[in-house]
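Asks: Handing you this structure, nothing more for now.
Please treat every number below as a calculation from the coordinates, not as lab data. Quick caveat, the model's predicted, so the values are computed rather than measured. In this analysis, Cβ positions are derived from the backbone assuming ideal geometry, glycine residues included, and neighbour counts consider all displayed protein chains.
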Amino acid sequence: MGLVLFELRAAGGRAFSPYCWRARMALAHKELTPELRPARFTDIPRIGHGAKSLPVLLDGPIAILDSWDIALYLEERYPQAPSLFGGAAGRQFARFVHHWATTQLHPPIVRIGVADIWERLDAADQPYFRETREQRLGAPLESFRAQQPALLAQLGAALAPMRAMLVERPFLGGDQPSYADYVVFGAFQWSRVICPVPLLAADDAVQQWFERCLDLHGGLGRRAPAGG
C-alpha cells in the first residue's frame, strides 16, 4: 500500500486547509505522490486512526495525524529525498515559523475569509462549521466582513519581518524553499482558494514570494482554482 493523504475539501473539491497544503507541499518536496482522498469535516470521525482533524497521512499501517508530524516523518522516512529542513537549525527555524504563522497570520486571515469558507463548504459541513467557528471567534461569521480593512492592515504589519528576510533571499529557506516556506504558503493558499479578497498588493514582497511558491513542484499550488 502506498502513501495516502486525507485532506479537507469544500464543495466542488476545493482543497483549502492550510495544514493540508503544508503536507501536500512537503510531499512534493520529497518527490512523493500520494493517493489523495478528499474528506469533509463531517467525514473525519469515519477516517479512523484516532483522527480529529486533517491532514492524515497513511504510509502502509502507519498513520500520521498532524502536519508538523507529517513533515518530521517524511524527513526521517525518506532521507534520500531533498531535505525539508536542511538540518537541526532549519527544523528549529521551521518550528518558530509554525508558531509565528499560527499566532500572527492565521487569526486575521481566518477572520477575513471565514464567511467565504462557510459559503463554499458542502451543505453537510455548514452547520458544524458555523457552530464551532462562531463559538471560537465569538461573533457571527458574516460580522467579520466589516472588519476586513482593519484585518488586512493587521496582517500587513505582522508580515514585516518576512518582508525583511525576502530582501536577502527568494525564500525563507534561502535560495531554495524549505518547510518554513510551506508553513506560510499554506496560510496564503487557504485564502487564495476560498476568498475573493486579495490579501496583499501585487508589488508586495510577500505576494511575489507567494507567486514563486505557487509555481513550485510543477505549479502544484497554482493548479488549485482561485476563489472568487
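Asks: Which whole-angstrom value gives the distance between the alpha carbon centres of region 184-218 and region 37-76?
Replies: About 25 Å separates the Cα centre of region 184-218 from the one of region 37-76.
Asks: Out of R37, R136, R111, any idea which swings most in a Gaussian network model of the chain, alpha carbons joined below 10 Å?
Replies: Of R37, R136, R111, the most mobile in the Gaussian network model is R136.
Asks: Evaluated at 4 °C with a viscosity of 1.567 mPa s, what Stokes-Einstein diffusion coefficient in µm²/s does region 3-77 have when Rh comes from the Kirkwood expression over alpha-carbon pairs?
Replies: 106
Asks: Ratio of alpha-carbon Rg to the 2.2 N^0.38 Å globular estimate for region 88-219, to two decimals, please.
Replies: Cα-based Rg divided by the globular estimate yields 1.11.
Asks: Got a sec to turn the phi values of region 95-100 into Karplus ³J(HN,Hα) couplings, 6.51 cos²θ - 1.76 cosθ + 1.60 with θ = phi - 60°, whole Hz, x for Gly and Pro?
Replies: 5, 4, 4, 4, 5, 4
Asks: Arrange S53, S17, S83, S67 by Cβ neighbour counts within 10 Å, fewest through most, would you?
Replies: By the 10 Å Cβ count, ascending: S53, S83, S17, S67.
Asks: May I ask you to compute the full-extension gain from R136 to A226, defined as 0.36 nm times their residue separation minus their alpha-carbon distance, rounded to one decimal in nm?
Replies: Value of the extension gain: 29.8 nm.
Asks: Then there's this: Label R169 and Q148 with points 7 Å out from Cα along Cα→Cβ: what is the distance between them in nm?
Replies: Calculated label separation equals 3.5 nm.
Asks: I've got another one for you. P(r) for region 1-132: what percent of alpha-carbon pairs falls in each 5 Å bin, starting at zero?
Replies: Histogram of Cα-Cα distances, whole percents per bin: 2, 10, 18, 21, 19, 16, 9, 4, 1.
Asks: Over region 105-164, consider all pairs of different Cα atoms and compute the Kirkwood hydrodynamic radius from their mean reciprocal separation; express it in Å, one decimal.
Replies: About 12.3 Å, per the Kirkwood formula over Cα pairs.
Asks: Based on the alpha-carbon set only, what is the convex hull volume of the chain divided per residue, in Å³?
Replies: 121
Asks: Under a 5 Å amide H to amide H cut-off, with H placed in plane at 1.01 Å, what residues pair with D122 once short-range neighbours are removed?
Replies: Under 5 Å from the amide H of D122 lie the amide H atoms of A11, each far enough along the sequence or on another chain.
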